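Some notes on the structure that comes next.
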Amino acid sequence: LHFVSEGGAHPSISRMVLDAANRPPCGDDGRPHPTLMRDDDGDTPLHFACSAGAEPAFLRRLLETEKGAALLPNRERKLPVDDLIVWFVDEHEMREEEGLDGTVPLMAN
């Protein structure tokens, strides 16, 4: 789920993986739901998706699956929204450096 959240797969594959993560017994067997799983840095799939500037529809689906993921800090005490802000600022600055208008287009749903 971390890999597809980072944009490492086609959107249709990402949707299939997220759908599979929501099938029982995911989260019902005493283990954390896959959207709450952390990597070695404490990042959840939502951290990965925000860091990569994932499509708003994918972010929405992650949040609808497990709203608590939005409030889980990583080892650096950063929330997923912090990663999204860094991505947005980096994209804005890169567009300005390239002589574009600096407006960061949102990815298509």
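Some notes on this structure:
- One residue from Arg31, Arg60 being modelled with pLDDT under 85, open to solvent by 40 Å² or more (accessible area, probe 1.4 Å) and of a type in the set (D, E, K, R): Arg31
- Segment 65-91 residues that are within 23 Å of Val17 (Cα to Cα) and in a loop (DSSP other than H, G, I, E, B), paired with ones that are among the acidic types (Asp, Glu) and open to solvent by 50 Å² or more (accessible area, probe 1.4 Å) (beta carbon under 7 Å, 6 or more apart): Asn74/Asp41
The values are calculated or read from the model by the stated rules, or taken from the named source; none is laboratory data. These figures come from a predicted structure and were not determined experimentally. Backbone-built Cβ (ideal geometry, glycine too); neighbour counts: all protein chains shown. These accessible areas exclude ligands, DNA and RNA; they are computed on the full protein's heavy atoms, side chains included. Shrake-Rupley method; radii C 1.70, N 1.55, O 1.52, S 1.80 Å.
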